[in-house]
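Here's the structure we're looking at; comments come further down.
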Amino acid sequence: MQVILRQLGDCNIRRAGPSDLISVMEINLKTLPEHYSDYFYESLLAELPEAFIVAEIGGKHVGYIMCKTEFGFSNFKKLGFVKKGHVVSIAVVEEHRRKGIGNALVEESVNGIKLRKCDEFYLEVRCSNTDAVRLYEKMGFVIRQQLNAYYRDGEDAYLMAIELVQTNK
Ligand code: ACO
Ligand code: ZN
């Protein structure tokens, strides 16, 4: 049985399972220029199911977020080596945007990332993607770097990150 993490009106937010991956790939193809192999989706789900979340309305998938964890240099502490959560991809289908679904997906992935005792959470986003940048800023992410020609088409990315405070250490 799928455990619902939260409900936003008629939208259920829950962890993904293997049977959700096709729909997640379809949303990704429709909404973003960065695509991945089937194996990559499967491996993210296997490695970090706590932060692979889907949004569903009436049995139809309308959004997803998928993440991974890494060890690396801190985006905040000078010379610090930390465990980081990394948002690989998030999207909500166009007809259901601006209803708080993106916000809920990020919040639930933060909860999942905290379960894995990450110190920080970060992502890259196109500098021109003001909707997404605003969403992340609203959630407390801050721009830490601009990555030159990060995308295949030459566009720069902002690296945005947030420090996580563990509530149940
Ligand atoms: N204009 C202005 N602000 C916006 C907009 C917009 N069109 N969309 C979101 N925001 C900001 C607002 O502050 C908003 O809060 P408010 O509605 O209370 O003002 C806040 O973000 C949260 O909005 P949500 O409704 O929770 O976000 P939504 O469900 O619309 O999803 C998302 C946002 C995921 C960025 C969506 O626009 C999308 O799927 N875009 C296409 C795919 C994409 O760009 N994904 C991010 C790529 S980067 C990465 O994956 C790491
Ligand atoms: Zn990334």
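Here, each number is a calculation from the coordinates, and none is a lab measurement. This structure is a prediction, so every number in the text was calculated from the model and none was measured. Glycine also receives a Cβ, built like all others from the backbone with ideal geometry; neighbour counts cover every protein chain displayed.
The table below gives the values:
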quantity	calculated
Residues of the stretch 93-103 satisfying the condition of being surrounded by fewer than 22 Cβ atoms within 10 Å (Cβ to Cβ) and of a type in the set (Gly, Ala, Ser)	Gly100
Selection count, the stretch 138-151, where residues are in contact (Cβ under 8 Å) with a residue 12 or more places away in the chain and either within 16 Å of Glu34 (Cα to Cα) or of a type outside the set (A, V, I, L, M, F, W, C) (or both)	7
So Gly72, is it under 20 Å from Leu105 (Cβ atoms), surrounded by fewer than 15 Cβ atoms within 10 Å (Cβ to Cβ) and away from ligand 1 (no atom under 12 Å from the Cβ)	no
Selection within the stretch 24-66 - hydrophobic (A, V, I, L, M, F, W, C), over 20 Å from Cys11 (Cβ atoms) and buried (at least 21 other Cβ atoms within 10 Å of the Cβ)	Leu44, Leu48
Ile113 being farther than 24 Å from Val3 by Cα, of a type in the set (A, V, I, L, M) and more than 12 Å from ligand 1 (Cβ to nearest atom)	no
Index of the failed condition, Tyr36 passing every other in (1) more than 16 Å from Ile65 (Cβ to Cβ); (2) part of a loop (DSSP other than H, G, I, E, B)	(1)
Selection from the stretch 126-142 of residues that are of a type in the set (A, V, I, L, M, F, W, C) and either under 16 Å from the mean Cα position of the chain (by Cα) or closer than 22 Å to Phe71 by Cβ (or both)	Ala132, Val133, Leu135, Met139, Phe141, Val142
Number of positions in the stretch 88-120 that are touching a helix residue (DSSP H, G or I) at 6+ places or on another chain (Cβ under 7 Å), within 16 Å of ligand 2 (Cβ to nearest atom) and not in a helix (DSSP H, G or I)	4
Sole residue being surrounded by fewer than 18 Cβ atoms within 10 Å (Cβ to Cβ) and either under 15 Å from the mean Cα position of the chain (by Cα) or without any contact (Cβ under 8 Å) to a residue 24 or more places away in the chain (or both), chosen from Leu123, Leu159	Leu159
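Every residue, every condition in (1) under 18 Å from Lys77 (Cα atoms); (2) part of a loop (DSSP other than H, G, I, E, B), yes or no:
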{"position": "Tyr122", "(1), (2)": "yes, no"}
{"position": "Ala132", "(1), (2)": "no, no"}
{"position": "Tyr151", "(1), (2)": "no, yes"}
{"position": "Ile162", "(1), (2)": "yes, no"}
{"position": "Thr167", "(1), (2)": "no, yes"}
